[in-house]
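Contents: one structure, followed by commentary.
The values are calculated or read from the model by the stated rules, or taken from the named source; none is laboratory data. Remember, predicted model here, so these are calculated numbers, not experimental data. Here the Cβ positions follow ideal geometry from the backbone for every residue, glycine too, while neighbour counts run over all protein chains shown.
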Amino acid sequence: MDDGTDARPAIQVAGLTVRRGRRTVLDDVGFEIPRGQVTGLLGPSGCGKSTLMRSVVGVQGGVAGELRVLGEPAGSKRLRRRVSYATQAASVYDDLTVQQNLRYFARVLGAPGGDTERVIELVGLGDHAKRRVEALSGGQRNRVSLAAALLGSPDVVVLDEPTVGLDPVLRVELWDLFRELAATGTTLLVSSHVMDEALRCDRLLLMREGRIIADTSPADLLERTGTTDPEAAFLAIVATQGGAPARPPAAASHHGRHEAADPAEASKEGTR
Ligand SMILES: Nc1ncnc2c1ncn2[C@@H]1O[C@H](COP(=O)(O)OP(=O)(O)OP(=O)(O)O)[C@@H](O)[C@H]1O
């Protein structure tokens, strides 16, 4: 666990450019993420959120630029147990129970005994611990994946759209969990295309078309744009940049999952 004595930002990114195939998917992106806070990465589908997260955890190919996590180069061995990542597609075994999945991941990660039960409770799956994952709903499966990302209490937790497919009550519960984790010193980077979730973050990175268009806090975002809701704020920022009107991120309530086109990339995906 991060002891909080290192004042450097948890994540430092400068001049990050990513090419996927012939496309420049991230274009000269730079930002810093403070420790012990929830930073939201928000933007419309396809703007590059997943690519950015994959870069931060060191599993993205075609990356140029400077990326440091907890002071180490992104993806370095020393970060293996300190940084966790839950992809959009739940990375779990269907034919095992929730508990068996997490016991397996706990062994692989060398997480302490008892951690399995702790994370199952944290994500609210206590009543489903003995059920096979194939019998769970999509949102419950995603929470198994989230639980795996919390094993071993990593210092930095990167979560790609963790609230997709959840009902409003569960969404609120998960955001409360993120806040609790941050209060104990964990740094969270959480992506969403639902702009309402912006208000639950400490910091915000708004993205559009491979660029960061705002690096701000929820209060500053609303004040700066003179708006009362984050969706309007996003549109206001796009307008000030002279861009074409964007389809507001929140307009999409459902959301397809990506598969890495490159099998090498796909094989690198996992909960950690
Ligand atoms: N394997 C790939 N090869 C080439 N281009 C890709 C590949 N994967 C994604 N892209 C493109 O990169 C861009 C960014 O994709 P990315 O998945 O990072 O966006 P996103 O903001 O996470 O979207 P979503 O919210 O829908 O998950 C998109 O335009 C997408 O079409």
*Does the stretch 65-75 contain any residue that is more than 8 Å from the ligand (Cβ to nearest atom) and crowded, with 24+ Cβ neighbours inside 10 Å?*
yes
*List pairs: first in the stretch 42-53 and more than 6 Å from the ligand (Cβ to nearest atom), second among the hydrophobic types (A, V, I, L, M, F, W, C) and part of a loop (DSSP other than H, G, I, E, B), Cβ under 7 Å, 6+ apart or cross-chain?*
PRO44/ALA246
*asked:* Among the numbered criteria (1) assigned to a helix (DSSP H, G or I); (2) surrounded by fewer than 20 Cβ atoms within 10 Å (Cβ to Cβ); (3) modelled with pLDDT under 90, which one does ASN142 miss?
replied: (2)
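Mind checking whether some residue in the stretch 46-64 is among the hydroxyl-bearing types (Ser, Thr, Tyr), closer than 30 Å to ASP127 by Cα and out of contact with any helix residue (DSSP H, G or I) (no Cβ under 7 Å at 6 or more places or on another chain)?
Kept after step one, since they are among the hydroxyl-bearing types (Ser, Thr, Tyr), are these residues of the stretch 46-64: 50-51, 55.
Applying the additional criterion that residues be closer than 30 Å to ASP127 by Cα yields none.
No, the stretch 46-64 contains no residue that is among the hydroxyl-bearing types (Ser, Thr, Tyr), closer than 30 Å to ASP127 by Cα and out of contact with any helix residue (DSSP H, G or I) (no Cβ under 7 Å at 6 or more places or on another chain).
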*Return the residue satisfying two criteria in turn: it lies in the stretch 154-166 and is assigned to a loop (DSSP other than H, G, I, E, B) and at pLDDT 85 or above, and of such residues it is nearest to SER55 (Cα to Cα).*
ASP160
*asked:* When you check ALA14 against the structure, is it more than 9 Å from the ligand (Cβ to nearest atom), in contact with a strand residue (DSSP E or B) (Cβ under 8 Å, 6 or more places away or on another chain) and among the small types (Gly, Ala, Ser), yes or no?
replied: yes
_Scan of the stretch 105-123 for residues that are touching a residue at least 12 places away in the same chain (Cβ under 8 Å) and outside any helix (DSSP H, G or I), ordered by number_ = GLY110, ALA111, PRO112, VAL123
_Single residue of GLY75, GLY58 found to be under 19 Å from GLY152 (Cα atoms) and free of Cβ contacts under 8 Å to residues at least 40 places away in the same chain_ = GLY75
_Selection within the stretch 208-229 - within 16 Å of the ligand (Cβ to nearest atom) and touching a helix residue (DSSP H, G or I) at 6+ places or on another chain (Cβ under 6 Å)_ = ILE213, ALA214
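One line per residue, one yes/no per condition, for (1) surrounded by 15 or more Cβ atoms within 10 Å (Cβ to Cβ); (2) touching a residue at least 12 places away in the same chain (Cβ under 8 Å); (3) away from the ligand (no atom under 16 Å from the Cβ); (4) not in a strand (DSSP E or B):
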position	(1), (2), (3), (4)
ARG8	no, yes, yes, yes
GLY30	no, yes, yes, no
ARG81	yes, yes, yes, yes
ARG103	yes, yes, yes, yes
*Out of LEU188, LEU206, LEU199, LEU177, which single residue is in a helix (DSSP H, G or I) and touching a residue at least 40 places away in the same chain (Cβ under 8 Å)?*
LEU177
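Does at least one position in the stretch 113-130 carry a residue that is within 18 Å of the chain's Cα centre (by Cα) and at pLDDT 95 or above? Step through it out loud before you land on a result.
If we filter the stretch 113-130 for residues that are within 18 Å of the chain's Cα centre (by Cα), which is where we start, we get 119, 122-123.
Of the ones still in play, those that are also at pLDDT 95 or above are 119.
Yes, the stretch 113-130 has at least one match.
For (1) among the small types (Gly, Ala, Ser); (2) modelled with pLDDT of 95 or more, each residue gets a yes or a no:
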position: LEU67; (1), (2): no, yes
position: GLY71; (1), (2): yes, no
position: SER76; (1), (2): yes, no
position: ARG80; (1), (2): no, no
position: VAL92; (1), (2): no, no
position: LEU96; (1), (2): no, yes
position: LEU102; (1), (2): no, yes
position: VAL108; (1), (2): no, no
*Of the conditions (1) modelled with pLDDT of 85 or more; (2) within 13 Å of the ligand (Cβ to nearest atom); (3) assigned to a loop (DSSP other than H, G, I, E, B), SER253 fails just one. Which one is it?*
(1)
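Out of everything in the stretch 83-101 that is assigned to a loop (DSSP other than H, G, I, E, B) and among the hydroxyl-bearing types (Ser, Thr, Tyr), what residue ends up being farthest from PRO9 (Cα to Cα)? Steps first, answer last, please.
Going through the stretch 83-101, the residues assigned to a loop (DSSP other than H, G, I, E, B) turn out to be 87-96.
Within this subset, residues satisfying the condition of being among the hydroxyl-bearing types (Ser, Thr, Tyr) are 87, 91, 93.
Values: THR87: 23, SER91: 29, TYR93: 35 Å.
Top of the filtered list is TYR93.
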_Need the failing condition index for VAL158 against (1) touching a helix residue (DSSP H, G or I) at 6+ places or on another chain (Cβ under 7 Å); (2) in contact (Cβ under 8 Å) with a residue 12 or more places away in the chain; (3) more than 16 Å from the ligand (Cβ to nearest atom), just the number._
(3)
